[in-house]
1. Can you find a residue in segment 66-85 that is in contact with a Phe, Trp or Tyr (Cβ under 6 Å, 6 or more places away or on another chain), crowded, with 17+ Cβ neighbours inside 10 Å and of a type outside the set (K, R)?
2. Condition first: aliphatic (A, V, I, L, M) and touching a residue at least 24 places away in the same chain (Cβ under 8 Å). Now tell me which residues in segment 52-78 satisfy that.
3. Considering only residues that are small (G, A, S) and open to solvent by 40 Å² or more (accessible area, probe 1.4 Å), which ones fall in segment 1-54?
Amino acid sequence: MKGEFDRFGVGKLGGFIIALQFLGAAGLLVGFWFQPVMIASSLGLALLMLAGLMRRKAKDSLWVSLPAFFFLGSNAYIRYASAALQR
């Protein structure tokens with residue numbers, strides 16, 4: 001993964017990005033019991049996946065970029081559905 005982060009020009013942020021992804025995943029699990037954590041975690045992960053779309057800027061194929069699109073959409077939906085349930 002270090003090579004991928006270097007290729008995108010964010011090599012120094014690689015460890016931080018990975019930590020944010022793990023915290024977001026843990027937050028989604030905790031969010032089953034605490035709704036506000038679910039909302040914050042899904043929003044954070046959606047933003048990370050939005051930034052992950054820089055694969056398109058790096059001229060990666062659509063097939064390689066597809067997971068970022070999928071996880072962006074799924075986390076955006078989780079954020080929307082969680083907020084709707086909290087109202």
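1. So far as segment 66-85 goes, no, none of its residues is in contact with a Phe, Trp or Tyr (Cβ under 6 Å, 6 or more places away or on another chain), crowded, with 17+ Cβ neighbours inside 10 Å and of a type outside the set (K, R).
2. M54, A58, L72, A76, I78
3. Answer for segment 1-54, where residues must be small (G, A, S) and open to solvent by 40 Å² or more (accessible area, probe 1.4 Å): G3, G9, G15, A19, A25, A26, A40, A51.
The values are calculated or read from the model by the stated rules, or taken from the named source; none is laboratory data. Remember, it's a predicted structure, so these values are computed and weren't measured experimentally. Using ideal geometry, Cβ is built from the backbone for each residue, glycine included, and neighbour counts are taken over all protein chains shown. Note: accessible area is taken over every heavy atom of the protein model, side chains too, but ligands, DNA and RNA are not part of it. Shrake-Rupley method; radii C 1.70, N 1.55, O 1.52, S 1.80 Å.
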